[in-house]
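*Asks:* First the structure, which I've put down as structure tokens, then a few questions once you've had a look.
The values are calculated or read from the model by the stated rules, or taken from the named source; none is laboratory data. Owing to the predicted nature of the structure, the values given are computational and were not obtained by experimental measurement. Cβ: placed from backbone, ideal geometry, glycine included. Neighbour counts: every protein chain shown.
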Amino acid sequence: MTIMKPCVLCVSAVMMCVPVSARADGYVAPWVGANALNSTDAGRSAFGVTMGYMAGGIFGFEGDVGYSPQFFGSTTDFGSVTSITVMGNAILGIPIGGDHGAGIRPFVSGGVGLMRTHAERGIILDRSQSTNDFGYALGGGIMGYFNQHIGLRTDVRYLRTLVDSNRGSGTDLDPGRLRYWRATAGVTFR
């Protein structure tokens, strides 16, 4: 019995020193999409990239950058309006078929970031104007992989600005006026 205890301790110590492969899932997904301001809006083009990391295959975070070259159409009374969004999101996805190799992963995500609009001269606007607003994004979608490294991703997000209604006397963020839906699709590389 006395010989058994040191052997168990030695085996336990060796097993603790053996590296265990950690599974994490990083991805980059360039996308194209459309923004819609309301249910009757046909949508305007958008493109960007989403980069993310799934720890343990279920929880993760992602950064999303989107650009809309003609946010309200080619020209309005306000002129030509462009939009840029930069969001940091938490993501929750359930890998069906495993987190490596072929499979699908439905997900939900939500986060906060910058929503910037820039308007060039128009009939109503006699000068260029830019706004930088704090905003949020909520959405969901699905990632499907053909193999270990390549797949497709599609999602729908609701984006909205937040405004500080108590400027100078504390922070009280209320929903802003700019709000829209964005649907995207793209290739995913992991």
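*Asks:* When only residues in the stretch 91-108 that are of a type in the set (V, I, T) and either surrounded by 13 or more Cβ atoms within 10 Å (Cβ to Cβ) or modelled with pLDDT of 90 or more (or both) count, which is farthest from Q70 (Cα to Cα)? Show your work before the answer.
*Replies:* Step one: filter the stretch 91-108 for residues of a type in the set (V, I, T), giving 91, 94, 96, 104, 108.
Applying the additional criterion that residues be either surrounded by 13 or more Cβ atoms within 10 Å (Cβ to Cβ) or modelled with pLDDT of 90 or more (or both) yields 91, 104, 108.
Working: I91: 29, I104: 33, V108: 28 Å.
Of everything passing the filter in the stretch 91-108, I104 is farthest from Q70 (Cα to Cα).
*Asks:* Looking at G88, G111, G135 in this structure, which one is of a type outside the set (D, E), modelled with pLDDT of 95 or more, surrounded by 18 or more Cβ atoms within 10 Å (Cβ to Cβ) and within 25 Å of L37 (Cβ to Cβ)? Steps first, answer last, please.
*Replies:* On the way: G88 fails: surrounded by 18 or more Cβ atoms within 10 Å (Cβ to Cβ); G135 fails: modelled with pLDDT of 95 or more.
Within the list G88, G111, G135, the selection yields G111.
*Asks:* Hey, S83 hits all of (1) closer than 18 Å to A34 by Cα; (2) of a type in the set (G, A, S); (3) at pLDDT below 80; (4) in contact with a strand residue (DSSP E or B) (Cβ under 7 Å, 6 or more places away or on another chain) but one; which does it fall short on?
*Replies:* Among (1) closer than 18 Å to A34 by Cα; (2) of a type in the set (G, A, S); (3) at pLDDT below 80; (4) in contact with a strand residue (DSSP E or B) (Cβ under 7 Å, 6 or more places away or on another chain), S83 violates only (3).
*Asks:* Enumerate the pairs (first residue in the stretch 96-122 and farther than 28 Å from V163 by Cα and in contact (Cβ under 8 Å) with a residue 24 or more places away in the chain; second residue anywhere and assigned to a loop (DSSP other than H, G, I, E, B) and among the charged types (D, E, K, R)) with beta-carbon separation below 8 Å, excluding pairs fewer than 6 apart on the same chain, so at least 6 apart or on different chains.
*Replies:* Pairs that qualify, where the first residue is farther than 28 Å from V163 by Cα and in contact (Cβ under 8 Å) with a residue 24 or more places away in the chain and the partner is assigned to a loop (DSSP other than H, G, I, E, B) and among the charged types (D, E, K, R), are D99/R23; H100/R23; R105/D99.
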